[in-house]
Amino acid sequence: MKHVAVLMGGWSAEREVSLNSGKACADALERAGGYRVSRVDVTPDIAATLRDLKPDVALNMLHGRPGEDGTIQGLLEIVGIPYSHSGVAASAVAMQKDMAKTILRAAGVPVPGGRVVARAEAAKAHVLPPPYVI
């Protein structure tokens, strides 16, 4: 029976969404049968948790950092646990939207325009020109 560690929660602003996603996936795996499922609420000591659990594979249901930026992917590669989703480099690039757009544009993929602004600038006033459509 394959042991699946469902990684969820974490400490990003998207924690609650991640807990819901993780629960739904863990529930589905248990209903499907044939899997031993460990529900892991990720904390900064995740390496020790994974060492103790010894899962065969990790299902990454973390949202935001450290789940989508390449951090957890790098850790999983170091400890030798196969995982779902993109690898370290693709995850890191995808979290940097300006970098992702540059790479996609260079590959000939049409991407919408945009601009990068500092958080402080964005907090002072609306930075998009009227009609403020995103």
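The values are calculated or read from the model by the stated rules, or taken from the named source; none is laboratory data. Here the structure is a predicted model, which is why all the values come from computation and not from measurement. Note that each Cβ is placed from the backbone with ideal geometry, even for glycine, and that neighbours are counted across all protein chains shown. These area figures cover heavy atoms from the full protein model, side chains too; ligands, DNA and RNA do not enter into them. Shrake-Rupley method; radii C 1.70, N 1.55, O 1.52, S 1.80 Å.
General remarks:
- Dipole of the chain [Lys/Arg +1, Asp/Glu -1 at C-beta], most positive-end residue of Ala26, Ala47, Gly113: Gly113
- Where only DSSP H runs of four or more residues are counted, the chain gives -13000 deg cm²/dmol as its mean residue ellipticity at 222 nm, each run worth -39500 (n - 2.57).
- Using C-alpha pairs below 8 Å separated by at least 6 residues, the relative contact order for segment 1-52 is 47 percent.
- Peptides 111-118, 6-13 ranked from most to least packed give 6-13, 111-118, packing being the mean of other C-beta atoms within 10 angstrom over each peptide's residues.
- Amide hydrogen proximity for Val57: with H placed 1.01 Å from N in the peptide plane, the residues at 5 or more positions away or on another chain lying under 5 Å are His3, Ala5.
- Proximal aspartates and glutamates relative to Lys97, as straight alpha-carbon distance under 17 Å, when same-chain residues fewer than 8 apart are discounted: Glu68, Asp69
- For the chain: relative contact order, % (alpha-carbon pairs under 8 angstrom, 6 or more apart): 22
- Using Cβ point charges alone (K and R +1, D and E -1), the dipole size of segment 21-134 about the Cα centre works out to roughly 340 debye.
- Using the 1.4 Å probe convention, the accessible area of the chain works out to 63 Å² per residue with neighbouring protein chains retained.
- Here the accessible area of the chain is 61 percent carbon and sulfur, with a 1.4 angstrom probe and all protein chains present.
- Taking a straight line from the alpha carbon of Lys54, these lysines sit under 21 Å away, with near neighbours fewer than eight places off in the same chain left out: Lys2, Lys23.
- Across all C-alpha atoms in segment 6-134, the radius of gyration and Dmax reach 18.0, 54 Å.
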